[in-house]
Amino acid sequence: MTDYLQPVGRVWRIVNIVGCTLTSIICLLLSLLLWTDMIRRDSLDYEGKPLWIGAAVVGLIGAAAAFIAWRLVRRHAASNGITVMPTWFIQLFGVVLLLGLCFVAYHRGSALFVVEGVFICLAMIFVSRHIVSR
């Protein structure tokens, strides 16, 4: 089995820097666009749906992508010496993703929806155990 926490070469680091930078620019501009539209309309929802939640999530994704790109450019690793993002952030994002997955599956009435994504969430939640075992 291939270990997914291995160091990558220079080319993959540059590809990830470009990808994270583009993602952060697009997400942060989209979030800014959504927030300015909500301020202009003087309403935080759109057709009865809370638009501010989407704007906040897109902004958070953009900020995380910018943080990762910055860490990759500066060649900083987290305090564990392996990952770029701190393990607490990966674990917290895994918990939030799992809660969102369960929420959507409940409202869709589809237990299969949870099964499709629960393993990714669990891998994120237990990433620190894998790091410790190294």
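The values are calculated or read from the model by the stated rules, or taken from the named source; none is laboratory data. Worth saying up front: this structure is predicted, and the values here are computed from it rather than measured. Cβ atoms come from the backbone with ideal geometry, glycine included; neighbour counts cover every protein chain shown. Ligands, DNA and RNA are excluded from the accessible area calculation, which covers all protein heavy atoms including side chains. Shrake-Rupley method; radii C 1.70, N 1.55, O 1.52, S 1.80 Å.
Details
- Among the residues of the stretch 83-119, the ones that are open to solvent by 40 Å² or more (accessible area, probe 1.4 Å) and within 12 Å of the chain's Cα centre (by Cα) come to 7 in all.
Results for (1) touching a residue at least 40 places away in the same chain (Cβ under 8 Å); (2) out of contact with any Leu (no Cβ under 7 Å at 6 or more places or on another chain), shown as yes or no for each residue.
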{"site": "E47", "(1), (2)": "no, yes"}
{"site": "I68", "(1), (2)": "yes, yes"}
{"site": "V73", "(1), (2)": "yes, yes"}
{"site": "F103", "(1), (2)": "no, yes"}
{"site": "G109", "(1), (2)": "no, yes"}
{"site": "V114", "(1), (2)": "no, no"}
{"site": "C121", "(1), (2)": "no, no"}
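- Top-ranked residue of the stretch 61-96 - restricted to ones that are in a loop (DSSP other than H, G, I, E, B) and under 16 Å from V132 (Cβ atoms), ranked as modelled with the highest pLDDT: P86
- Given (1) small (G, A, S); (2) modelled with pLDDT under 85; (3) open to solvent by 40 Å² or more (accessible area, probe 1.4 Å), index of the condition A123 fails: (2)
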